1. Helix 22-32 sits at what angle to the longest principal axis of the chain, using alpha carbons and giving 0 to 90 degrees rounded to 10?
2. So for the chain, averaging the separation of alpha carbon pairs under 8 Å that are six or more residues apart and normalising by length, what relative contact order in percent results?
3. Name the long-range amide H neighbours of Leu2: under 5 Å, sequence gap of 5 or more, or other chain; modelled H, no Pro or chain starts.
4. Tilt of helix 40-50 relative to the longest C-alpha principal axis of the chain, in degrees (0 to 90, nearest 10)?
5. Rolling a 1.4 Å sphere over the protein heavy atoms, what is the accessible area per residue of the chain, to the nearest Å²?
6. Nearest 20 debye, what's the magnitude of the dipole of the chain about its Cα centre given +1 on Lys and Arg Cβ and -1 on Asp and Glu Cβ?
7. Calculated from DSSP H runs of 4 or more alone, at -39500 (n - 2.57) each and per residue, what is the 222 nm mean residue ellipticity of the chain, nearest 500?
8. Would you kindly compute the Cα radius of gyration of the chain and its largest Cα-Cα separation (Dmax), both in Å?
Amino acid sequence: MLGGELVELPGTIAGIRAALGPAELERFEGEIEHTPVADLPAVLARWALSTTTAVEEDEEVFSRLERGEDIGAVPADPGPTGVA
């Protein structure tokens, strides 16, 4: 979810290509041609996310954290309680 709305990411290389503007497409093509096979899933996921506002939303949250704002986060695993 981004901005409170469900977002469907491009699920293929062709879908990513179709969602990118001309400048981004050129960078994508240059990078994808030289990406090792083992790294393809991570690179494709990053490019798919780049077609959304995910990066901007993340940067906004990190900026708030740097300013010391409480963003309502809770520990993923508070750990055991009462353990000696």
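The values are calculated or read from the model by the stated rules, or taken from the named source; none is laboratory data. Worth saying up front: this structure is predicted, and the values here are computed from it rather than measured. Glycine also receives a Cβ, built like all others from the backbone with ideal geometry; neighbour counts cover every protein chain displayed. What goes into the accessible areas is simple: the full protein's heavy atoms, side chains included, and nothing from ligands, DNA or RNA. Shrake-Rupley method; radii C 1.70, N 1.55, O 1.52, S 1.80 Å.
1. The helix 22-32 is inclined about 80 degrees to the chain.
2. After rounding, I find 30 percent.
3. Amide H neighbours of Leu2: Val7.
4. 80 degrees
5. Value returned for the chain: 77 Å² of accessible area per residue.
6. In total the dipole reaches around 180 debye.
7. -15000 deg cm²/dmol
8. Both quantities, over Cα of the chain: 17.9, 60 Å.
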